[in-house]
Amino acid sequence: MPSTTTPSTSDVLWTPGPEQLQSSRLVQYQGWLAQEKGVTTHDYAGLWRWSVEHLDEFWQSIWSYFDIQADGEREPALGQRSMPGAEWFPKARVNFAEHVFRHATSQQPAVIARSEDVPLQHIAWNELERATAALAATLRGWGVGPGDHVASYMPNRPETVIAFLACASIGAVWSSCAPDMGAPVVLDRLRQIEPKVLFAVDSYRYNGKPYDRTREVAQLLAELPSVEHVVQVDGPLAQERAVDWRQRTGWQATVARDASPRYERLPFSHPLWILYSSGTTGLPKAMVHGHGGILLTHLKEMALHNDLRPGDRLLFLGSTGWVVWNLLVGALVTGASIVLYDGHPSWPCSDTLWQFIDEQEVAVFGTGAAVLIAHKKDGLRPRDHAPLRKLRTILSTGSPLPVDAFEWVYRDVKPDIWLASVSGGTDIADCFVACAPTLPVHAGEIQCAELGVAAYAFNEQGQAVIDEVGELVITQPMPSMPLYFWNDPDGRRYRESYFEVYPGVWRHGDWIRFTPYGSSVIYGRSDSTINRYGIRIGTAEIYRVVEELPEVLDSLVVDLEYLGRPTFMPLFVVLQPGVALDTSLTERIRQQIRTKASGRHVPDAVVQVSEIPRTLSGKKMEVPVRKLLLGASLSQVASPDAMQNPHSLDFFATYAKALNLGGPGGTAL
């Protein structure tokens, strides 16, 4: 794990200067830790080691450093220590929303909101708290109290933030689905939790096109008898037709009253929200996280790791159905302003996003790696159109960021930027491996394991290894691990999801390699690993080298092991418009893999497709495609409503038939 081994400097793209180091919140925390607690650490490796070897003391220090407001007692930090079932701060009572407004100021807005169909909005801290208090009073008047479930079917706009904070302030449990999700996939989630109130938009605009959601909401209400009230938030089509949802109240009516802010201090592990797994191959897991665990974790994540400071502006690009929205809203507890971006990043023109980041003086920009990769492939040079003077950090997540995308950022976006690739999960609403403002950036690598996160790579014998690819595991509890899954009364599904392979140790399902100097590389999901001739390789390794080729926009690879037949490994590629997959390009792709990844993992076939199947959060659907090609039916492998592009599977269904008819070696699609 992290050590004091000095890394090679040949691939270092960024190193913090003395002024950046001293002004970082992480260095300030280290100084406070030495002065107030007598804990002296000389580098990040030593700090990380102390944080996992003295787990209780570390989280107590986070509590003290950020001055958590609570009732009850803060001792012990950990009651029950086992996983699953760890019990954090069992004698304390807190409220997440209360900590959002502790840093209210008139100097900066709390929320800046950009949408494709309304003018730019700046919402002051006092207006955010006023609207939150008013809506909370309305909810209380409807009989909503601690533990009741409230659902949202809204885009990334201020009303969504206000609705969440109002729920958190009274102890209601929040659950969000993005409006681009179809009614069946939303019902797969909300039927499990039976919400009492539904916030819904009647329409939204994306990439210049309006989308009517009145029918979808009507279907939700028809199949969710638990909903007693629905709050309509007007979209771009609101004035064009009537909306006749049952028990409907307009948004303005819910926030019109005067009410004093009131924050219910709740048990530390009282549910804050319910997040969901992708649900591409079954009923989504409904993961419950607590007020206290998320509060401490987001303070640590945003302030110490992402170096978000009071008055900074954070934009994290993502829908309300992706956990990055929760992280974005969570950043309010640091005193930073959050920037909501509701719309397509390339509408109305390719550099719209970067110009907006510059105009709004965004300091920290978070996005899915796919956005950066796409902009590189499109030949964008943001630095030619936007100086990005205030932007000091880019966070990349969702999938591994390849080396050439790192290089593009430093060449074509901003040469002195801190580019941080991070990896975690909806499961923990946080990161396992992420970034630190005191460490250098190496091309293609994640800087470090997070503080308080005992992350290791385990080999097949369950031993921690360095500089070898292994299973990403967490050997000690984290406050943001799910309290439980909803609809899982005996905890069986929870245990099966993380603790079956290594009892008492969280197995996340990613292949990872930790370097001797503490950075890491993610190699893809361990359940979609390619195993050829006894040599395993992560799919991300293949994508990294294939997508370096300028002709290749996207790719997907699966290894098909047939009973009684040779294995067959096809590589599917999406090419630039106008480019055809000929013999020459096929051989270049093969050679690229042979020389830069592994000679044993050259594909048996290279196949051109129009698009790669992806989940709603943008992840490549390797396992469903593999199952489909091995003979499973379309209905068995994926729910269309849980996908960005369900029609993309039609090609693979046809390809599967050819495989089964002619055998893997005889296919010529």
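The values are calculated or read from the model by the stated rules, or taken from the named source; none is laboratory data. The model shown is predicted, which means the values in this text are computed figures rather than measured ones. Cβ sites come from the backbone with ideal geometry, for glycine too, and all protein chains shown count toward neighbours.
Residues checked against (1) closer than 30 Å to S346 by Cβ; (2) crowded, with 18+ Cβ neighbours inside 10 Å; (3) of a type in the set (A, V, I, L, M, F, W, C); (4) in the same structural domain as L224 (by TED's automatic domain parsing):
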position	(1), (2), (3), (4)
S106	no, no, no, yes
P109	yes, yes, no, yes
H122	yes, no, no, yes
L128	yes, yes, yes, yes
R140	no, no, no, yes
P155	yes, yes, no, yes
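Of the numbered criteria (1) of a type outside the set (S, T, Y); (2) closer than 30 Å to V469 by Cα; (3) out of contact with any Ser or Thr (no Cβ under 6 Å at 6 or more places or on another chain), the one P577 fails is (2). Looking only at residues in segment 142-153 that are surrounded by 15 or more Cβ atoms within 10 Å (Cβ to Cβ) and touching a helix residue (DSSP H, G or I) at 6+ places or on another chain (Cβ under 8 Å), the one that is nearest to H270 (Cα to Cα) is H149. So, L388, is that one over 18 Å from Q447 (Cβ atoms), of a type in the set (A, V, I, L, M) and surrounded by fewer than 22 Cβ atoms within 10 Å (Cβ to Cβ) or not? Against the criterion (over 18 Å from Q447 (Cβ atoms), of a type in the set (A, V, I, L, M) and surrounded by fewer than 22 Cβ atoms within 10 Å (Cβ to Cβ)), L388 qualifies. Flag set for E116, criterion: of a type in the set (D, E, K, R) and closer than 30 Å to P345 by Cβ.
Quick check on this structure: which one of H270, H291 is closer than 30 Å to V362 by Cβ and over 18 Å from the mean Cα position of the chain (by Cα)?
H291
How many residues does segment 188-215 contain that are surrounded by 19 or more Cβ atoms within 10 Å (Cβ to Cβ) and in a helix (DSSP H, G or I)?
Quick first cut of segment 188-215, residues surrounded by 19 or more Cβ atoms within 10 Å (Cβ to Cβ) only: 188-190, 192-193, 195-205, 213-214.
Next cut, in a helix (DSSP H, G or I) only: 188-190, 192-193, 214.
Going through segment 188-215 one residue at a time, the tally reaches 6.
Counting only strands (runs of 3 or more DSSP E) that fall entirely inside segment 95-160 and contain at least 2 residues that are among the hydrophobic types (A, V, I, L, M, F, W, C), the qualifying elements are 111-115, 149-153. A single entry from E496, E547, E450 fulfils the requirement of being surrounded by 23 or more Cβ atoms within 10 Å (Cβ to Cβ) and either charged (D, E, K, R) or under 21 Å from A429 (Cα atoms) (or both): E450. Consider segment 312-336 and keep the residues that are modelled with pLDDT of 95 or more and small (G, A, S). The one that is surrounded by the fewest Cβ atoms within 10 Å (Cβ to Cβ) is G335. Can you find a residue that is among the charged types (D, E, K, R) and either modelled with pLDDT of 95 or more or under 30 Å from T105 (Cβ atoms) (or both) anywhere in segment 146-154? Within segment 146-154, one or more residues are among the charged types (D, E, K, R) and either modelled with pLDDT of 95 or more or under 30 Å from T105 (Cβ atoms) (or both). Which of the residues belonging to segment 393-430 are among the basic types (K, R) and more than 11 Å from L13 (Cα to Cα)? Residue satisfying the conditions is K414 alone.
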